[in-house]
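Asker: Can you read through this structure? Questions will come right after.
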Amino acid sequence: RRPPRSTLFPYTTLFRICEVNLPDQVKTTLELFKDTENIEFRVKWPHESKVIIYADKEHINGIFSNLFKNSIQAVPADRKGIINILMEVARDKVLVSVSDNGCGIPLSLRKKIFTPNFTTKSSGTGLGLSIVKKYVEEANGSIRFESDADKGTTFYMEFPLKYTVEKPGRAIPE
């Protein structure tokens, strides 16, 4: 028997939720982009060795793959690209941001950015950011962005935290 299909994205099957170590999944996705020419990834990981959320692993890969690809494509050819990834644990949430020093999102397009089939690119389907939003929300998270013309864009995501595991040797504050 086939899994049920989504109505908004009919070619995707419904998700498979499990415990996901978010830093490990983001690192796995980052490996696909680490050798991108003229792009430097700067990463700040949380101090915990494991940061566990409930999500679909493939969806987490899709979220970050789309965000990294969009960040890379947003950087003008005459500029060295810098993509910052910041992850931190704040009480019962995991906060993640992905920022670039690209061309930014024009004010007139910002309200449409998560709309399916909307694209500013000459090639592409316009599904990337709508899928990112869908996947974040399926993990009970939220996503928003800020953008400055010619300075870049930052996407902010928040996921509910299941639990963390401290790195060995660290004192746990009381």
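Asker: Taking the alpha-carbon set of the range 37-174, what are its Rg and Dmax in Å?
Answerer: Both quantities, over Cα of the range 37-174: 16.1, 55 Å.
Asker: Say the cut-off is 19 Å between C-alpha atoms; which of LYS69/LYS133; LYS34/LYS69; LYS57/LYS112 go over it?
Answerer: The pairs that break the limit, which is 19 Å between Cα atoms, are LYS57/LYS112.
Asker: Can you give the local net charge around ALA55? Use residues other than it whose beta-carbon is closer than 9 angstrom to its beta-carbon, Lys and Arg +1, Asp and Glu -1.
Answerer: -2
Each reported figure results from applying straightforward, stated rules to the coordinates on display, with no laboratory input. Owing to the predicted nature of the structure, the values given are computational and were not obtained by experimental measurement. Cβ atoms come from the backbone with ideal geometry, glycine included; neighbour counts cover every protein chain shown.
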